[in-house]
Amino acid sequence: MSSVPASQGAAKPLSRIADIVGAQNLLIDEATLRQYARDRLPFGIFKHRSGGLPGTTPVAVARPASEDEVAALLEASAAEGFRVIPFGLGSGVLGGTIPLGGEVMLDLTRLDKLVSIDEVNGLATVQAGMNGWDFETALNAAGWTSGHLPQSIKISTVGGWAACRGGGQASSRYGKIEDIVVGLKAVLPDGRKLEVRPVARRSVGPSLIDLFVGSEGTLGVITELTLRIFRKPEVEQGVVLAFPTVEAALSMARRVMQAELRPQVVRIYDEIESRDRTKGIALFSEKPILAILVFSGSRNTAEAEERDALAIAEQEGGTIADDAPLRHWREVRYESYSAKWQAAGYFMDTIEVCCPWSTLPDLYEKARAAALAIRADMHFGAHWSHVYAEGACQYMTIRLPPMPDAEGLVLHGKLWDAIQSVTLACGGSIAHHHGAGVFRNPWMRDELGTGLDVLQAIKDALDPDNRLNPGKLGLRPAPGTVAVGHR
Ligand SMILES: Cc1cc2nc3c(=O)[nH]c(=O)nc-3n(C[C@H](O)[C@H](O)[C@H](O)COP(=O)(O)OP(=O)(O)OC[C@H]3O[C@@H](n4cnc5c(N)ncnc54)[C@H](O)[C@@H]3O)c2cc1C
């Protein structure tokens, strides 16, 4: 931590920021600034391990503690002309918080209170910077769950979940974050406060909540959220199944969702991802595809749903297997493997997309073939863990062996290009729950078409000077900023 230097060009904005948050909550030392210069974007990690940075360093990190301080900071940003990036815990994997031109980071983790649990209406109000795990733990202690359980729950904020339009591991039962947010408070780029009061539903024009859920810090700073909460289920019972093919397992998941069953967890792994998880279980040498289903709620409901799902699974060739893979998944569900591979020099990344059921098997085969055509000895694996009546998320792990950056980054760029293009050709969406950040900019026009102009028009109306997280979500970059990514 440092005090504000009087000598540099940014002295006036910095001293104004210090007046708002207190000098101890304005960080400008080099080590801290480098720390906030990247998130978990793998491309940024590759750059960083070679001594570089994906974008620029921020000029400062401000740590406001209230909605009023956030509003004052955004007013100051308008008056002094500095740019701002909202920052949760930096677990984003698409570079949403990467500074492209020396912005001021707004670290929101001092807004970390659980404001209230409303047991009558089944709602919890929480400040946006609260750590996800702390939030869930507090709810559990009161007999509730948020139902939003991302793998990154321990390293992300509740505000970050909403800003990225994320999805948790129990999404088939409880919904994605957009199904869970019932109300919010946000500060607009000019410092005005906006509140969408939490009511079950309203019919007064397009949903303003949806303007901010998924806006990735480009349209406003979310300071508080009211989320639907769920009573902790009486039981959570799981079953492990072995299927002969990916197609059969996907068909089971489609039919389960179209039968209006609500499994808490559905996870299907392709053959390569199944192999490690099923070692020593003989059944999988005959039926190599692993599927995990978990049902929850009252004992009666869970048992009835499991019975119906198992009948469908049997018709699709599924056989109940030893539950070791489920026990292992429960132990590691909030861990990440990427850092280990990345530290060892591998070019490891994950790409999650969404596709209709009708083209999903095609997407899998084409994405896999395209990846292996780029580099035959790479790892390409996929799993499906967010399923709907209409389609599913395909989550792909790509891992290139260690090689010089000059080669590895080119291949990494080709893999992204190939997989995003194949997804669009299959009628899917380029992103299911990680967001767009800055890294998906090249594909945003193909994804949204005229919709990107609509998004830009909204951005221009709310933030005419382009001061709030510019250059993300495929939106216009600010002058003098850098580009991040392969093209
Ligand atoms: C190992 C690992 C596993 C992951 N698993 C999942 C998963 O299961 N499901 C999932 O959905 N995601 C997952 N992610 C991605 C990431 O954790 C989520 O996107 C998460 O919601 C980001 O939260 P954060 O608080 O870290 O946000 P940050 O990374 O700090 O910010 C992300 C974006 O949101 C904006 N933002 C953050 N807070 C606010 C706010 N209060 N107001 C306005 N804008 C804001 C930022 O400007 C930025 O654009 C995973 C990431 C990792 C590294």
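From the Cα gyration tensor of segment 394-487, with a ≥ b ≥ c the square roots of its eigenvalues, which class applies: rounded if a/c is under 1.5, or else prolate if a/b is larger than b/c, or else oblate? In terms of gyration-tensor shape, oblate. Computed from phi, the 3J(HN,Hα) profile of segment 147-153 under the Karplus parametrisation 6.51, -1.76, 1.60 (θ = phi - 60°) reads x, 9, 10, x, 4, 8, 4 Hz, with x in place of Gly and Pro. Per residue, the average separation of C-alpha pairs within less than 8 Å and at least 6 apart gives the chain a relative contact order of 15 percent.
Across segment 335-487, C-alpha contacts under 8 Å between residues 6 or more apart give a mean separation that, scaled by the residue count, equals a relative contact order of 24 percent.
Computed 3J(HN,Hα) for segment 47-53, one whole-Hz value per residue from the Karplus formula 6.51 cos²θ - 1.76 cosθ + 1.60 where θ = phi - 60°, is 5, 5, 5, 9, x, x, 9, glycine and proline marked x. Close amide H contacts of Ala392 (hydrogens built in the peptide plane, cut-off under 5 Å, sequence separation of 5 or more or a different chain): Cys355, Trp357. Here segment 106-174 exposes an accessible surface that is 51 percent carbon and sulfur, computed with a 1.4 Å probe and the other protein chains kept in place. Residues whose amide H comes within less than 5 Å of that of Leu123, counting only those at least five positions distant or on another chain, are Asp118, Ile229 (H built at 1.01 Å from N in the peptide plane).
Counting only protein heavy atoms and a 1.4 Å probe, segment 338-425 has 36 square angstrom of accessible area per residue.
The HN-Hα couplings worked out from phi for segment 220-234 by the Karplus form 6.51 cos²θ - 1.76 cosθ + 1.60 (θ = phi - 60°) are x, 9, 6, 10, 8, 9, 10, 10, 5, 10, 10, 5, 4, x, 5 Hz, whole numbers, x standing for Gly and Pro. So for the chain, taking the charge dipole from beta-carbon charges (+1 Lys/Arg, -1 Asp/Glu), which of Ala282, Leu14, Val115 sits furthest toward the positive end? Looking along the dipole axis, the top candidate is Leu14. Listed peptides 159-169, 115-125 appear in the order 159-169, 115-125 once ranked by packing, highest mean of other Cβ atoms within 10 Å at the front. Go through Lys113/Lys472; Lys366/Lys414; Lys12/Lys185 and tell me which ones have a Cα-Cα distance over 19 Å in this structure. Going by Cα-Cα distance, Lys113/Lys472; Lys12/Lys185 fall outside the 19 Å limit.
For the peptides 333-341, 368-376, 430-438, 471-479, the ranking by packing is 430-438, 471-479, 368-376, 333-341, with the highest mean count of neighbouring Cβ atoms within 10 Å listed first.
If you take the Cα centroid of segment 373-430 and the Cα centroid of segment 138-211, the two points sit 28 Å apart. Amide H contacts under 5 Å for Glu224: Ala128, Lys185, restricted to partners 5 or more places along the chain or on a different chain, H placed in the peptide plane at 1.01 Å from N. Listed by chain and number, the lysines placed with their C-alpha closer than 22 angstrom to that of Lys279 are Lys287, Lys340; residues fewer than eight positions away on the same chain are left out.
The values are calculated or read from the model by the stated rules, or taken from the named source; none is laboratory data. All of these numbers come straight from a predicted model, not from anything done at the bench. When we count neighbours, we look across all protein chains shown, and the Cβ atoms used for this are built from the backbone with ideal geometry, even at glycine. When the accessible area is computed, the model is the full protein with side chains, heavy atoms only, and any ligands, DNA or RNA have been set aside. Shrake-Rupley method; radii C 1.70, N 1.55, O 1.52, S 1.80 Å.
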